[in-house]
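The values are calculated or read from the model by the stated rules, or taken from the named source; none is laboratory data. Computed from a predicted structure; not experimentally measured. Because the Cβ atoms are built from the backbone with ideal geometry, glycine has one as well, and the counts that use them run over all protein chains shown. Keep in mind that these areas ignore ligands, DNA and RNA; they rest on the heavy atoms of the full protein, side chains included. Shrake-Rupley method; radii C 1.70, N 1.55, O 1.52, S 1.80 Å.
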Amino acid sequence: MPALANSELTSHASHLPAYSGRRTVALVGQPNCGKSTIFNHVVGYRSETANFPGSTVEVSRGKVRLNGLTLDVFDVPGIYSLTTSNPAEAAAKHFLLSTEVDLIINVVDSSLLSRGLELTLELLELGIPMLVCLNMMDDADRKGISISIEKLAERLGVPVFAAVAARGVGIRELFASAGHYSLRTPVGLRQWSRDVEEAIATIEPRSDAAVGGRTMPARFLAIKLLEADPDITALVGQAGQTEAERARRRLEDLRGRSAEAVVMAERHDDAMRIFEEVASVGRPRPDIRRLVDAVLTHSLWGYVFLVAIFVGFFWGVFGIGSLVERALQPGFAAASARFSGWLSTGTLREVLIRSIWDGFAGGATIVLPYVLPFLFGLAFLEDLGYLPRVAYLMDGLLHRIGLHGTSVMPFVLGYGCSVPACMATRILPSKRDRFIASVLATLIPCSARSNVIFALVAFYIGPGWALAVFCFNGLIVVLSGLILTRIWPEVSPGMLLEVPRYQLPRLKVMTRKVWFRLREFVVLSWPLLIAGSAVLGLAEYWHWDRAINWALSPLTRLLGLPAVVGTTLIFGLLRKELSMIMLVEALGTTRVSAVMTTTQILVFTIFITFYIPCVATIATMIKEIGRRMTAIAVGYSLLIATILAAATRFVLAVFL
Amino acid sequence: MKMKTNFSLSQNVDPTTQAPIQRGSEVIQLDRAPIDKYMEVVEVPLGRGVARSLAQLGLSVSERLRVRSAAPWGGPVLVEIGGTTVAIGRGLARRIMVRPVRKRKRDATCLP
């Protein structure tokens with residue numbers, strides 16, 4: 001259910017006065033606590049949810065209207081603490097510090113309450129009105145943890161709500177009172193131990209900073225300066241910095257540890273103390289997930305299952321896809337022939353209408369049959385929480401190619417689409433890791449490129465060959481990683497990844513997620529396919545294609561491909577399937593294997609698999625890693641595509 | 001209470017005697033810790049915010065943990081700590097020092 005209906009909320013909030021105007025609400029919490037689930041529930045599916053830490057990399061925005069009030073709700077990337085370690089967390093922090101947030105809804109995984117409270121205590125220091133949402137109460141219950149909501153609310157000084165967001169429980173109550181509580185500032189700021197309070201007192205008067213028009217409470221600034229937070233330190237003036245340094249040194253002498261360690265330790269102890277006061281831990285219920293994990297992370301069986309799962313995934317997508325493609329193709333081809341029958345051949349109108357229809361048909365018979373099962377399978381693995389286990393299993397090998405283990409996330413996403421894969425590199429801590437991961441993630445065949453492999457190689461030559469192409473691609477990705485690491489060596493910090501509990505994927509959430517990702521194809525790429533097809537039809541009619549093919553003939557000759565293929569490669573810039581659909585157009589028949597030899601089909605596919613990313617990906621890369629790096633990445637892709645395709649041609653000429 | 005400054009900044013202190021726990025024979029590196037045995041963190045590597053990132057995930061001095069498995073080929077160590085499971089890279093795990101402790105009743109419920 002997308003947005004909460006007005007009537008449903010007023011019945012809950014009828015005893016509260018109606019407020020007018022807008023309020024800005026931020027959903028803040030540690031990774032995997034269910035913020036995005038709550039956001040999607042209230043605002044409609046707009047935020048990426050997945051059961052691995054770091055799945056939200058951007059701040060998502062949505063609107064909810066209730067009781068005469070408009071709430072601007074922001075879903076913020078998960079942060080373990082306000083001291084950040086990667087760009088995704090930095091985005092969250094920047095948002096909180098620079099935006100006029102009227103209300104923070106701190107979402108906490110109840111089964112990890114003691115750890116979650118550490119962030120809660122930090123957020124309270126911000127002095128912004130706050131609500132705490134204890135999510136995943138069912139998991140806490142299963143662990144035997146029972147929490148007293150009243151005691152917690154009293155201890156923290158802010159309202160606390162319980163919820164099970166995955167089932168939609170408690171969200172209504174949470175938002176119904178949002179308007180009311182957004183006007184209450186949290187009371188009773190915590191007291192630290194005496195020497196820490198003294199240190200704060202010396203820094204406080206000197207610290208004064210405003211970010212983007214929002215002034216921060218001096219006490220919050222003082223605490224952060226004591227913690228040597230680099231972002232905050234950069235904001236205050238010289239006087240504040242020197243005073244902070246002095247106070248830190250004093251505290252260090254007194255306590256024998258860095259000021260930062262002292263503050264963190266006290267906050268940690270406080271969180272523990274609150275937890276012990278408000279929660280009681282009983283007997284946990286036996287959980288089968290432990291057994292499942294014992295197998296899936298086993299030193300031998302873990303890998304057996306990993307290979308089995310991914311091969312099974314491949315077979316499933318190909319199986320379903322080819323079934324549907326085979327079923328649909330005759331119908332669409334017949335319709336195409338009938339168009340040619342109705343309209344006099346050779347006229348501009350006939351060419352245009354036929355190419356538009358072919359573009360449409362291409363999307364329906366070549367793209368959708370494979371994209372749909374792929375997206376469902378990916379959504380299932382994501383929501384299950386299997387991907388962090390993949391990172392765990394693969395990290396050792398990835399380190400040999402100098403990569404960070406968490407790079408697995410962007411890579412797996414890369415099999416779907418390069419755009420979110422590039423954005424996911426934000427979870428990596430270092431710039432060099434992000435660059436290498438982006439380059440490699442775009443080398444991985446996205447669903448568009450995979451479509452070409454399926455619909456061309458698997459369909460016309462055989463599934464075994466398609467699998468070979470995928471494996472070959474994997475090999476090249478690994479080799480590229482080795483080369484890039486050698487060029488830009490840097491010690492990758494050790495992997496530190498939270499591996500969340502398995503969750504049973506819910507069909508409704510999966511369907512919505514698939515539609516969310518598919519919508520981009522239906523609304524953007526499919527029309528692009530149709531338009532591109534039309535343009536090619538026109539190009540053929542006016543014989544522009546001859547000029548383009550002539551210009552590209554050195555390339556096509558090197559690769560041993562028919563000259564007409566030249567134009568199709570240009571269209572790959574927009575969308576990779578376009579190349580394949582254009583191929584059918586250019587060859588003049590859907591029976592590709594009659595016109596192109598096995599070698600030619602493979603050479604064409606290899607080239608498509610590796611060469612230049614689509615414009616959407618290029619735009620994303622420019623944003624993530626900059627223009628110069630993107631140019632290098634694009635040049636590299638063209639280079640290896642040409643080399644590999646040519647090599648394929650000559651090697652296969654020997655064997656076939 | 002004023003503490004001596006020549007402590008290692010992240011070393012554990014015996015709660016009863018307030019004396020630092022020396023690196024005795026029972027203190028080992030995390031990547032060598034036995035599977036499924038309760039361990040207590042004695043020392044945490046410093047530098048580049050590593051100690052902070054570890055603490056954010058619940059791994060700080062005197063916290064209890066349990067090693068679930070270790071991936072082959074120099075892969076990470078899977079550790080249960082603070083109610084959740086964390087994968088720690090082998091290089092990092094090598095620099096975290098732990099020692100075995102006796103199981104407490106609370107451990108069975110606080111560690112998943």
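Against the list (1) within 21 Å of A:E520 (Cβ to Cβ); (2) touching a Ser or Thr at 6+ places or on another chain (Cβ under 9 Å), the condition A:V615 fails is (2). Residues that are within 20 Å of A:I38 (Cβ to Cβ) and touching a Gly at 6+ places or on another chain (Cβ under 7 Å) within the range A:136-155 comprise just one, A:M136. Evaluation of A:A586 against the conditions (1) among the small types (G, A, S); (2) without any contact (Cβ under 8 Å) to a residue 40 or more places away in the chain; (3) at negative phi shows that the sole unmet condition is (2).
Within the set A:F314, A:F339, the sole residue that is surrounded by fewer than 17 Cβ atoms within 10 Å (Cβ to Cβ), in contact (Cβ under 8 Å) with a residue 12 or more places away in the chain and aromatic (F, W, Y) turns out to be A:F339. Specify the residue that is surrounded by the fewest Cβ atoms within 10 Å (Cβ to Cβ); the eligible residues are those in the range A:255-275 that are more than 10 Å from chain B (Cβ to nearest Cβ) and free of Cβ contacts under 8 Å to residues at least 60 places away in the same chain. Checking each candidate, the answer is A:D269.
Picking from residues in the range B:61-81 that are out of contact with any strand residue (DSSP E or B) (no Cβ under 7 Å at 6 or more places or on another chain) and surrounded by fewer than 23 Cβ atoms within 10 Å (Cβ to Cβ), the one that is modelled with the highest pLDDT is B:P72.
Exactly one of (1) part of a helix (DSSP H, G or I); (2) over 33 Å from the mean Cα position of the chain (by Cα); (3) within 14 Å of chain B (Cβ to nearest Cβ) is unmet by A:R283. Its number? Only one criterion in (1) part of a helix (DSSP H, G or I); (2) over 33 Å from the mean Cα position of the chain (by Cα); (3) within 14 Å of chain B (Cβ to nearest Cβ) is unmet by A:R283, namely (1). When the residues of the range A:425-443 are filtered to those that are open to solvent by 10 Å² or more (accessible area, probe 1.4 Å) and of a type in the set (A, V, I, L, M, F, W, C), the one that is farthest from A:V59 (Cα to Cα) is A:F435. Of all residues in the range A:643-652, which are open to solvent by 40 Å² or more (accessible area, probe 1.4 Å) and touching a residue at least 60 places away in the same chain (Cβ under 8 Å)? Across the range A:643-652, the qualifying residue is only A:R649. Against the test of being at pLDDT 90 or above, over 26 Å from A:A247 (Cβ atoms), in contact with a Phe, Trp or Tyr (Cβ under 7 Å, 6 or more places away or on another chain) and away from chain B (no Cβ under 14 Å), the options A:L152, A:L113, A:L174, A:L131 yield a single qualifying residue, A:L131. Among the residues here, A:G316 qualifies as modelled with pLDDT under 85, in contact with a Gly (Cβ under 8 Å, 6 or more places away or on another chain), over 30 Å from B:A55 (Cα atoms) and in a helix (DSSP H, G or I). A single member of A:P388, A:P410, A:P373 is open to solvent by less than 10 Å² (accessible area, probe 1.4 Å), part of a helix (DSSP H, G or I), more than 14 Å from chain B (Cβ to nearest Cβ) and of a type outside the set (D, E, K, R), and it is A:P410. Within the range A:413-440, track down each residue that is within 14 Å of another protein chain (Cβ to nearest Cβ), touching a helix residue (DSSP H, G or I) at 6+ places or on another chain (Cβ under 9 Å) and within 22 Å of A:R628 (Cβ to Cβ). Of everything in the range A:413-440, those that are within 14 Å of another protein chain (Cβ to nearest Cβ), touching a helix residue (DSSP H, G or I) at 6+ places or on another chain (Cβ under 9 Å) and within 22 Å of A:R628 (Cβ to Cβ) turn out to be A:L428, A:P429, A:D433. The requirement of being in contact with a helix residue (DSSP H, G or I) (Cβ under 8 Å, 6 or more places away or on another chain), at pLDDT 90 or above and open to solvent by 30 Å² or more (accessible area, probe 1.4 Å) is fulfilled nowhere in the range B:83-92; no residue meets it.
Here is the figure for the range A:244-254: residues that are at the interface with chain B (Cβ under 10 Å from one of its Cβ atoms) and either open to solvent by less than 40 Å² (accessible area, probe 1.4 Å) or of a type in the set (D, E, K, R) (or both) total 2.
Here is a check on your reading of the model: is A:F310 within 14 Å of chain B (Cβ to nearest Cβ) and either over 27 Å from B:V44 (Cα atoms) or out of contact with any Pro (no Cβ under 6 Å at 6 or more places or on another chain) (or both)?
Values: within 14 Å of chain B (Cβ to nearest Cβ): no; either over 27 Å from B:V44 (Cα atoms) or out of contact with any Pro (no Cβ under 6 Å at 6 or more places or on another chain) (or both): yes.
The answer is no for A:F310.
Every test in (1) at pLDDT below 80; (2) in a helix (DSSP H, G or I); (3) buried (at least 18 other Cβ atoms within 10 Å of the Cβ) is passed by A:S593 save one, and that test is (3).
Taking the listed residues A:P489, A:P505, the one that is touching an Asp or Glu at 6+ places or on another chain (Cβ under 6 Å), more than 14 Å from chain B (Cβ to nearest Cβ) and part of a loop (DSSP other than H, G, I, E, B) is A:P505, with no other qualifying.
Report whether or not A:A239 is out of contact with any His (no Cβ under 8 Å at 6 or more places or on another chain), surrounded by 15 or more Cβ atoms within 10 Å (Cβ to Cβ) and not polar (S, T, N, Q). Steps first, please.
Numbers: out of contact with any His (no Cβ under 8 Å at 6 or more places or on another chain): yes; surrounded by 15 or more Cβ atoms within 10 Å (Cβ to Cβ): no; not polar (S, T, N, Q): yes.
No, not satisfied.
Consider the range A:37-73. How many of its residues are in contact with a Ser or Thr (Cβ under 7 Å, 6 or more places away or on another chain) and at pLDDT 85 or above?
To start, the set of residues in the range A:37-73 that are in contact with a Ser or Thr (Cβ under 7 Å, 6 or more places away or on another chain) comprises A:37, A:39-40, A:46-49, A:55-56, A:60, A:63, A:67-69, A:72.
Next cut, at pLDDT 85 or above only: A:37, A:39, A:63, A:72.
Residues that pass the stated criteria total 4.
Does A:A294 meet the test of being among the aliphatic types (A, V, I, L, M), closer than 30 Å to A:T202 by Cβ and not in a loop (DSSP other than H, G, I, E, B)? Against the criterion (among the aliphatic types (A, V, I, L, M), closer than 30 Å to A:T202 by Cβ and not in a loop (DSSP other than H, G, I, E, B)), A:A294 does not qualify.
Within the bounds of the range A:577-587, is there any residue that is over 23 Å from A:W357 (Cα atoms), in a helix (DSSP H, G or I) and hydrophobic (A, V, I, L, M, F, W, C)? Quick ask: steps written out before the conclusion?
Our first condition is that a residue be over 23 Å from A:W357 (Cα atoms); within the range A:577-587, this holds for none.
No, because not a single residue in the range A:577-587 is over 23 Å from A:W357 (Cα atoms), in a helix (DSSP H, G or I) and hydrophobic (A, V, I, L, M, F, W, C).
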